[in-house]
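The values are calculated or read from the model by the stated rules, or taken from the named source; none is laboratory data. What you are looking at is a predicted structure, and each value in this text was computed from that prediction instead of being measured. Ideal geometry is used to build each Cβ from the backbone, glycine not excepted, and the neighbour counts take in all protein chains shown.
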Amino acid sequence: MNDNHRIDNLDRQIIATLQQDARTPYAELAKRVGVSAATVHVRVEKLRQAGIISATRAIVNPRALGYDVCCFIGINLKSARDYNAALEHLNELDEVVEAFYTTGHYNIFIKVMTRSIDELHTLLTSKIQTIDEIQSTETLISLHNPIQRQVVP
């Protein structure tokens, strides 16, 4: 990754377009931003090499797959040295979709998606709270997610 890569307005336009739809063909993207497809290709490759564009992926709607419960769980570890072991255990759980090492009240903050409250209960009592390195948890259930976006380039 190149930490010195500076993006200009053309890069910003390319990134914004790809954030909206990563399947946009370079030729169409080029027309939108007023340059050649070859220029778009070169710019995208430079953005990838610089680590600014790290992946292209499909965004799946969890509710369409039956995942109706989204929650956040604050985790307190028994000891700071338990972080790596706890993270390994959490990474094995498909329901854990994001994890953050945080400052403040919790050592780890995770985002969890389950199909039901019963499934969440089972996840908490049979999997997460049985991890030896975890001292305690606090669960916050999301009622609504009114803002979802990526950073503006």
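When each of Gln13, Gln19 is tested for being out of contact with any helix residue (DSSP H, G or I) (no Cβ under 6 Å at 6 or more places or on another chain), surrounded by 13 or more Cβ atoms within 10 Å (Cβ to Cβ) and not assigned by TED's automatic domain parsing to the domain that holds Thr114, the lone residue that passes is Gln19. Considering the conditions (1) surrounded by 13 or more Cβ atoms within 10 Å (Cβ to Cβ); (2) outside any strand (DSSP E or B); (3) at pLDDT 95 or above, Ala64 is excluded by exactly one of them, (1). Selection of region 22-61 for residues being in a helix (DSSP H, G or I), surrounded by fewer than 15 Cβ atoms within 10 Å (Cβ to Cβ) and in contact (Cβ under 8 Å) with a residue 40 or more places away in the chain yields only Gln49.
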